[in-house]
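What follows is calculated from the coordinates using simple rules that are stated; it is not laboratory data. Computed from a prediction, not measured in an experiment: that's the story for all the values here. All Cβ positions, even for glycine, are placed from backbone atoms using ideal geometry, and neighbour counts span all protein chains on display.
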Amino acid sequence: MKIAIIIFLCLLFPAGTAYSYFRSKQQRAAGKKVFEAAVARQGVRIVAGRSFFLTTGKKWCRVHTVFKWKEPIGHFDGKLHRYRISIETGNGQEMYAEERSMTEFAGFCWSQSREPNSLNDTCCICDADLLEFRPPVAGQYALKLDLQAKEGASELVDFTIMVSEGVVPLKHKPYTHICVDLRKNAPRKESGNEEGDFPIDTLC
């Protein structure tokens, strides 16, 4: 009986790990891409400002990025590769903004195998979700990103940013991004802003 239990547990854990992997993969693949843009570095920064249209306020959206950086990456200092990302309405009203470091997403990076005698010294690819949000209504929105892309010996290159709607929120570890439901936050004017502002309710 004990041997049977041991065999069952030995089979259960790998099966559970495989299920979790494929479920996570399906969640990340869900949704419809509403825009994708490759952003070039401007000196020491990567600056992106893109507008996009969302078809409904009922669906979750994801801001996703794929980029490369040159080694040495160092010890993932949170003071390096700082960025500010924001979501705005079509008329330019900022609904949400945060400041973080790209090094927080180092767990979603892996090294490329170097080709013999290759001149390409880029050997780290990162595939990370920066933010998930649910808009209050359908319509035109804008994404803005300002990122320090070159600091010390480390350098960010080949930066692509995307927004997808109709995604399944990834609220559990190892994901470290924030999920925010903007539908719960109606504009208010207590702060003195004539156009009102949007209080933020972070979910994960």
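Below are the figures for this structure:
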read-out: For peptides 136-143, 33-40, sequence by mean Cβ density within 10 Å, most packed first; value: 136-143, 33-40
read-out: Mean separation of Cα contacts under 8 Å (6+ apart) over length of the stretch 33-184, as relative contact order %; value: 44
read-out: Extension gain, A97 back to K184 (0.36 nm per residue minus Cα-Cα distance, nm); value: 29.7 nm
read-out: Cα-Cα separations in the stretch 33-184 greater than 26 Å, expressed as whole percent; value: 27
